[in-house]
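*Asks:* Quick one: the structure is below, and I'll ask about it shortly.
Nothing in this text is a laboratory measurement; each read-out follows from the coordinates by a stated rule. On a predicted model such as this, the values are computed, not experimentally measured, just so you know.
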């Protein structure tokens, strides 16, 4: 009986090893822009949440360790609410990410995926403040962490929060899911004569002031040597990205 139990455990371990060996990036932080989550006048689009949930589930079942940082732009973008006090607008934005995170968390658990909400901004009775040491054990075990509330302070973007979580949790890559192909020399929706970058260095991205992420996020990833992959979530699967396929734009230190 004991020999059978050992054999079963070994077979499970071998299966898990084969899964992770197919991945170029096993540990990742996925940043999801809030703008993707709504459509037209609808703050929430169920089909989009279902699609994103499936992407996360598929990647998780490949053996990837996943942390998700959610934006809140489908509800309110603090920097665009010029009529509101900037600090208050940013707090509203952080609360918006919590709403989006609750939905993603609920969808994951409905599909029997272990998931945990963790917030930079504690909301008593709803979500606890991020505790790296508790969350790291959950992340390492294969549970999906859903990070909300930014870093818990105004004046910092969710891009910065994603870079911070990537550094804290020793991620192999920060994946920024957007609705465009990757990084361009200018906004492709406003200018048809733009250059698309398949590869970039952090130095070049910063020097050219490419607005795909803020300077703080770039600097955190550059100093931590964590590459950033910017891609179109609605067109390509997350599984293909973490397998190392040439999708979107890859930003690295150039080493």
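*Asks:* For helix 46-61, what angle does its Cα long axis make with the longest principal axis of the chain, in degrees from 0 to 90 and rounded to 10?
*Replies:* That works out to roughly 40 degrees.
*Asks:* Would you mind checking the radius of gyration and Dmax of the range 39-174 based on alpha-carbon positions, in Å?
*Replies:* When restricted to the Cα atoms of the range 39-174, Rg and Dmax are 14.6, 46 Å.
*Asks:* So what's the range 25-252 giving for Cα Rg divided by 2.2 N^0.38 Å, two decimals?
*Replies:* 0.95
*Asks:* Round to the nearest 10 and give me the degree value, 0 to 90, for the angle of helix 2-21's Cα axis relative to the longest principal axis of the chain.
*Replies:* Approximately 30 degrees, to the nearest 10.
*Asks:* Given only helices, namely DSSP H runs of n ≥ 4 each adding -39500 (n - 2.57), what is the per-residue ellipticity at 222 nm of the chain, to the nearest 500 deg cm²/dmol? Could the numbers behind the result be given before it?
*Replies:* Details: 8 runs with 102 residues, N = 255.
Roughly -12500 deg cm²/dmol at 222 nm, from the helical runs in the chain.
*Asks:* Using Cα springs under 10 Å in a Gaussian network model of the chain, which residue among 133, 218, 196 shows the largest mean-square fluctuation?
*Replies:* Checking each option, the largest mean-square fluctuation is seen for 133.
*Asks:* Please identify, among 67, 149, 244, the residue showing maximal mean-square fluctuation in a Gaussian network model of the chain using a 10 angstrom Cα cutoff.
*Replies:* 244
*Asks:* Return one quarter of the surface area of the convex hull spanned by the alpha-carbon atoms of the range 172-255, equal to its mean projected area, in nm².
*Replies:* Convex hull of Cα atoms, orientation-averaged projection: 5.3 nm².
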